[in-house]
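One structure is given here, and the rest of the page talks about it.
Rule-based calculations on the coordinates, nothing more; no lab input. Just so we're clear, the structure is a prediction, and the values are computed from it rather than from any experiment. For neighbour counting, all protein chains shown are included, and Cβ atoms are generated from backbone atoms with ideal geometry for every residue, glycine included.
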Amino acid sequence: MAQPEIVVPFPSPFKDLSRVKSTLLMASVAALREAGLYESYYSKLNPLFDDEVLNCLAGSWVSVRAARAHYNACDALGLSSAEQMAVGQKTGGGLRQHLTRVGGALSRGAGVTPWWIFEQFNRFWARTFDGGGVSVIKLGPKEAEVIYAKCSLLESAYFRSALRGVAVGLLGVVTQRSFMSELSASVKSDDAHYRFSWV
């Protein structure tokens, strides 16, 4: 078996998460609304963050505290991991559409593989998060370990599951089927390790 190989290193400089783009929270709230969960979610959202979470301007930066309040409310919904992933896939719909367009164009030339998708992860991350990042380790031809780190939102079970949904949805652009499982919990609360495989 081939030796593990880091194919996507953490970004440099690599700092702790400090802000989140409003686009993520807006898409997440929209996905909750589409799933019929908005009223329950709103009843659980800390009212101190109502305005910053629900009335933020598109394309603006939102504090990590507000983002945590959003995901705390999502955790309080008591959804199963599969339900959280499903909402996450809806949240990542815009990214999938973008990759479908770009990937479709590239596949007519050089071709697009899951490894190409992984190479975009930190670029996509930087568009949404100020701080934190992703590293990808190649374990085999169709298997990878993906590590998210320096992101305090990973303390939220909902956020971790939703992140899985987004990632699986992105890989779905170029695979017939993909699988993603969370590995044993890290010692740190601000990182998470996942294993991907696909066909």
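What the table below lists for this structure:
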{"item": "Derived scalar couplings ³J(HN,Hα) [the range 189-199; Karplus, 6.51 cos²θ - 1.76 cosθ + 1.60; whole Hz; x for Gly, Pro]", "result": "8, 9, 9, 8, 10, 10, 10, 10, 9, 7, 10"}
{"item": "For the range 5-198, size of Cβ-based charge dipole, Lys and Arg +1, Asp and Glu -1, in debye", "result": "540 debye"}
{"item": "Candidates 130, 75, 51, ranked by Gaussian network fluctuation over the chain, Cα under 10 Å, top entry", "result": "51"}
{"item": "Size descriptor, Kirkwood hydrodynamic radius, that averages inverse alpha-carbon separations across the chain, Å", "result": "17.3 Å"}
{"item": "Candidates 89, 120, 176: whichever shows maximal mean-square fluctuation once the chain is modelled as a Gaussian network with Cα springs under 10 Å", "result": "176"}
{"item": "Estimated vicinal HN-Hα couplings, Hz - the range 144-152 in sequence order (Karplus 6.51, -1.76, 1.60; Gly, Pro = x)", "result": "8, 9, 10, 10, 9, 8, 6, 10, 5"}
